[in-house]
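For reference, the structure discussed in these notes is given below.
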Amino acid sequence: MKEEVLRLRLRSQAIVTNERGYTVWKTSEQSVSWTARQTGLILCDVWDNHSFRGAVERLEAMIPRMNDVVKSLRTKEGHIIHAPSDTMSFYESSPARKRIRDLEQLAPPPDLELDDPVLPFDASKNGSDTGEEKSFRNWTRQNEGIEVDESRDVISDVGTEVYSYLKQTGIKHLLIMGVHTTMCILHRSFAIKQMVRWGIPIVLIRDLTDCIYNPERPPYVSHEEGTQLAIGYIEKFWCPSVDSADIVGTWVPA
């Protein structure tokens, strides 16, 4: 049986000196081919609700495309990891939850010592752009618009469980999509910073993420520009990004 291959264009940014001798950030792309069966996809905190109305509306707009990515990768024999934090009690009897919870737990390696530059903006205080003053937990499960295959997928919000699953299923590459870019996408125990510190190659799906940012706060740009700043921060300091078109097969390499 022929192996399905993902042909991806990974975008990153690096400091270079230009032809005039100025230090600048340069964006570049690298074309790679990943065996789909050795690729995992993490859905980070794609919840059924959020305390900020804007966050809910922007996520809802992405859900159909997210589900297309899930179905496309699953069809190619990739691995789907649903990670709706703080909702594991909802999935207590789920075969997908049991599948990863019952695995032998492997000890991750010591964290790599890496620089951790400051974020492009502070989203910790009043990050809503729709008027809410405080965040509170009102989510109970993953958004129902994302299909879970109980016979193949796994569900976890624990980094060490995810690490053990990766190692025991032969996953060599990770994709991540979801919310929010300067918060959970970076800081969850199963998300970008921790995976990079454990030496796991991970890539952000940049068109299927959103940030928590209020344009009334520095750097005083639109919400959309804030999200792009957050994506740029990740591309510069943590990992590459990719467009979902590469995964669902709407981009054909020359």
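How much accessible area per residue does the range 99-229 have, in Å², with a 1.4 Å probe?
I get 48 Å² per residue for this part.
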**Item:** Computed accessible area, PHE121, all protein chains, 1.4 angstrom probe, square angstrom
**Value:** 10
**Message:** For a quick check: with amide H placed at 1.01 Å from N, whose amide H comes under 5 Å from PHE190's, ignoring anything fewer than 5 positions away on the same chain?
**Reply:** GLY159
**Under Karplus coefficients 6.51, -1.76 and 1.60, residue-wise ³J(HN,Hα) of the range 147-152 in Hz, glycine/proline x** = 6, 10, 8, 5, 8, 9
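So if we plug the beta-carbon distance of ARG217 and GLU77 into 1/(1 + (r/R0)^6) with R0 = 30 Å, what FRET efficiency do we get, rounded to 0.05?
0.10
Carbon and sulfur: what percent of the range 108-254's accessible surface (1.4 Å probe)? Before the final figure, lay out the partial values.
Numbers: 3360 of 6580 Å².
That fraction is 51 percent.
Given the Cα-Cα distance of LYS26 and ARG65 and 0.36 nm per residue of separation, how much length would full extension add, in nm? If you can, show how the numbers build up before the last one.
On the way: separation 39, 0.36 × 39 = 14.04 nm, distance 2.90 nm.
Using 0.36 nm per residue and subtracting the Cα-Cα distance, I get 11.1 nm.
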**Asked** Considering the values (1) 0.96; (2) 1.00; (3) 0.93, which represents Rg/Rh (Cα atoms, Kirkwood Rh) as calculated for the structure under consideration?
**Response** (1)
**Prompt:** Taking the Cα-to-Cβ direction at ASN49 and at VAL16 and moving 7 Å from each Cα, how far apart do the two end points lie in nm?
**Reply:** 4.9
**Prompt:** With each label point set 7 Å from Cα along the Cα-Cβ vector, what nm distance links ARG9 and LYS236?
**Reply:** 2.3
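Hey, could you grab the Kirkwood Rh for the range 16-117? Inverse mean 1/r over distinct alpha carbon pairs, Å, one decimal.
Working: mean 1/r = 0.0555 Å⁻¹.
Value: 18.0 Å, from the Cα pair sum.
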**Accessible surface, 1.4 Å probe, highest first, among residues THR130, THR227, THR27** = THR27, THR130, THR227
**Request:** Please turn the phi angles of the range 60-69 into ³J(HN,Hα) values with the Karplus equation 6.51 cos²θ - 1.76 cosθ + 1.60 (θ = phi - 60°), one per residue in order, whole Hz, x for glycine and proline.
**Result:** 4, 5, 8, 4, x, 5, 4, 5, 4, 5
**Asked** What shape does the range 48-196 take by its C-alpha gyration tensor, where a ≥ b ≥ c are the square roots of the eigenvalues and a/c under 1.5 counts as rounded, a/b above b/c as prolate, and the rest as oblate?
**Response** oblate
**Item:** For LYS76, solvent-accessible area (1.4 Å; no DNA, RNA or ligand), Å²
**Value:** 40
**Message:** From the phi angles alone, apply the Karplus equation (6.51, -1.76, 1.60; θ = phi - 60°) to the range 113-119 and give each ³J(HN,Hα) in whole Hz, x where the residue is Gly or Pro.
**Reply:** 8, 10, 5, 9, x, 5, 5
**Item:** Computed label-point distance, nm, for sites THR35 and PHE136 using a 7 Å Cα→Cβ extension
**Value:** 5.0
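At a 10 angstrom cut-off on C-beta neighbours, averaged per residue, how do the peptides 162-170, 36-44 rank from highest to lowest? Walk me through the numbers on the way to the answer.
Details: 162-170: 18.2, 36-44: 22.6.
Ranked from most to least packed, the peptides come out as 36-44, 162-170.
Take each of the peptides 137-144, 151-158, average the number of other beta-carbon atoms within 10 Å over its residues, and list them starting from the highest.
On the way: 137-144: 15.5, 151-158: 20.1.
Per-residue Cβ counts within 10 Å, averaged per peptide and sorted highest first, yield 151-158, 137-144.
Relative contact order, percent, of the chain when contacts are C-alpha pairs under 8 Å separated by at least 6 residues?
Details: 484 pairs, mean separation 68.9, N = 254.
Contact order relative to length: 27 percent.
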**Prompt:** Sequence-distant or interchain residues sharing an amide H contact under 5 Å with ASP207, placed H: which?
**Reply:** SER244
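When the helix-only estimate is applied to the chain (DSSP H runs of n ≥ 4, each -39,500 (n - 2.57), divided by the residue count), what is the mean residue ellipticity at 222 nm, nearest 500 deg cm²/dmol?
Values: 7 runs with 71 residues, N = 254.
Calculated from helices alone, the mean residue ellipticity at 222 nm is -8000 deg cm²/dmol.
Report the calculated FRET efficiency for GLN228 and GLN168 (r = Cβ-Cβ distance, R0 = 41 Å), to the nearest 0.05.
Details: r = 37 Å, r/R0 = 0.89.
With a Förster radius of 41 Å, E is 0.65.
The values are calculated or read from the model by the stated rules, or taken from the named source; none is laboratory data. This one's a predicted model, so the numbers in the text were calculated from it and none came from an experiment. Please note: Cβ atoms are built from the backbone with ideal geometry, for glycine as well, and neighbour counts cover all protein chains shown. When the accessible area is computed, the model is the full protein with side chains, heavy atoms only, and any ligands, DNA or RNA have been set aside. Shrake-Rupley method; radii C 1.70, N 1.55, O 1.52, S 1.80 Å.
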